[in-house]
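Each reported figure results from applying straightforward, stated rules to the coordinates on display, with no laboratory input. Please read all numbers here as calculations on a predicted model, not as lab measurements. Note: ideal-geometry Cβ built from the backbone for every residue, glycine included; neighbour counts use all protein chains shown.
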Amino acid sequence: MMISHGKYWVYNGLMLPKETHSAESLKFAEELKVQNNDIFAITYPKSGTTWMQEILPLVLNGGDLTPVQTIPNWDRVPWVEETRAALVMDNLVAPRAMVSHMPYNLMPPSFMSSKAKAIYVTRNPRDVLVSSFHFHKMANFLDDPGTFDEFLEKFLSGKVMFGKWTEHVKSWRKANLRDRILFVTYEEMVQDLRGVIRRFSSFLGQDLDEETVERVANHCCFSNMKTNIMSNYSLVPQGIMDSSKSPFLRKGVAGDWKNHFSPEQEARFVAVIQQEMAGINITFPWDQE
Ligand code: A3P
C-alpha cells in the first residue's frame, strides 16, 4: 500500500523517495527470487552503502577493477527496492551482490527462506545524521532539511527516508539469521579497512591473498573513490544532485558530528537513541564518546 506524500511515497509506514522508488520497483523487490549465493549489503542511508558497492565486487571477483571502473555503482550493485534493479538484475553475475536500505521485515520474502548472506553496516547515528543533513541539501529529490536542529528532530521522529535509525538497526539485530549475517561498523572500516576486507572474504568464502587485500583496500580508500566517476555520483545531473552544495563523498571520517552538535543537541539525541535501544544487548565503538 503506497500513499503519495510530497517527494516521497509512504510504503508500509516508510518514507521512500519517489525519484528512485515506484510501485513497480517495490513489487519487483517483493517478487525477487533470491538465490542461495546472493549477497546483500544492508544499510540505513548514509552508513556506507556506496563504499560497500565498491568493496563487494572486488572481494567477489578477486580484485579485478574492471566493474568498479566501468559500471556506475547503482548498476554494479543495485538497490533491490529501487527502479534500476529491474533493468540491471539480468546483467549481474553470480554470486550477485545487491544493496538494500530496507528494514528486515520489508526484505523480499524469498530472502527469509533462502541461504543468502547479508552484511549489515552500522554507523554512529550522530554521523549518520550529519551526513544525511548535508545530503538533503544537495539532493533535490529530498525535502530541504531546514536547520540542523530541525533536521535532528525529524531524524529522531523517523520522518525521514527509511524511517527511524533505531528501528532499522533493531530489526536486523533481532532477525535470527545466525551465520548468514555479518555485522560491521563504518568506524571499523575507517580504522582498519584491510581487516574488514579480510573478514568479508572469509564470511563470503573468498580466498584473497594479502596482495589482493592490499589492492582492494587501496582502491576503496576515500580519496580514490572520490575521483572515480563510476562511484562519486558526478554522472547524476546537477538538477538532481548538486555537488556544488555538498559533494556526495563529503568527508568520509568518523566523528564529524563533533563539528555540528551543541552539547544540548547531543544530550537530547543520545537520550532518545539510548532509550529506544534499551534492552538490545549491543555495544558500539561510539558508545563511550
Ligand atoms: P560523509 O557524508 O560523512 O562524508 P551512503 O553511501 O550510505 O549514502 O553513505 C555516504 C557516506 O559514506 C558519506 O559520509 C561518504 O563520504 C561515506 N563514504 C563513502 N565512501 C567512503 C570511503 N571510501 N571512505 C570513507 N567514507 C566513505
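When the residues of the stretch 220-247 are filtered to those that are within 19 Å of I197 (Cα to Cα) and either crowded, with 18+ Cβ neighbours inside 10 Å or of a type in the set (K, R) (or both), the one that is farthest from the ligand (Cβ to nearest atom) is S231. The number of residues in the stretch 85-123 that are within 12 Å of the ligand (Cβ to nearest atom) and touching a Pro at 6+ places or on another chain (Cβ under 8 Å) comes to 2. Quick check: anything in the stretch 54-74 touching an Asp or Glu at 6+ places or on another chain (Cβ under 9 Å) and among the aromatic types (F, W, Y)? For the stretch 54-74, residues touching an Asp or Glu at 6+ places or on another chain (Cβ under 9 Å) and among the aromatic types (F, W, Y): present. Checking each residue in the stretch 75-84 for being outside any loop (DSSP other than H, G, I, E, B) and touching a helix residue (DSSP H, G or I) at 6+ places or on another chain (Cβ under 6 Å) picks out D75, R76, R84. The residue list L142, L156 contains one member that is touching a residue at least 24 places away in the same chain (Cβ under 8 Å), crowded, with 18+ Cβ neighbours inside 10 Å, away from the ligand (no atom under 16 Å from the Cβ) and over 30 Å from D209 (Cα atoms), which is L156. Within the stretch 22-74, the residues that satisfy the criterion of being of a type in the set (V, I, T) and part of a helix (DSSP H, G or I) are T49, T50, I55, V59, T66, V68, T70. Scanning the stretch 37-80 for residues that are within 13 Å of the chain's Cα centre (by Cα) and either of a type in the set (F, W, Y) or more than 14 Å from the ligand (Cβ to nearest atom) (or both) yields F40, Y44, W51, W74, W79, V80.
Scanning for something among the polar types (S, T, N, Q), more than 21 Å from N228 (Cα to Cα) and touching a Leu at 6+ places or on another chain (Cβ under 7 Å), does the stretch 75-85 turn up at least one residue? Within the stretch 75-85, not a single residue is among the polar types (S, T, N, Q), more than 21 Å from N228 (Cα to Cα) and touching a Leu at 6+ places or on another chain (Cβ under 7 Å).
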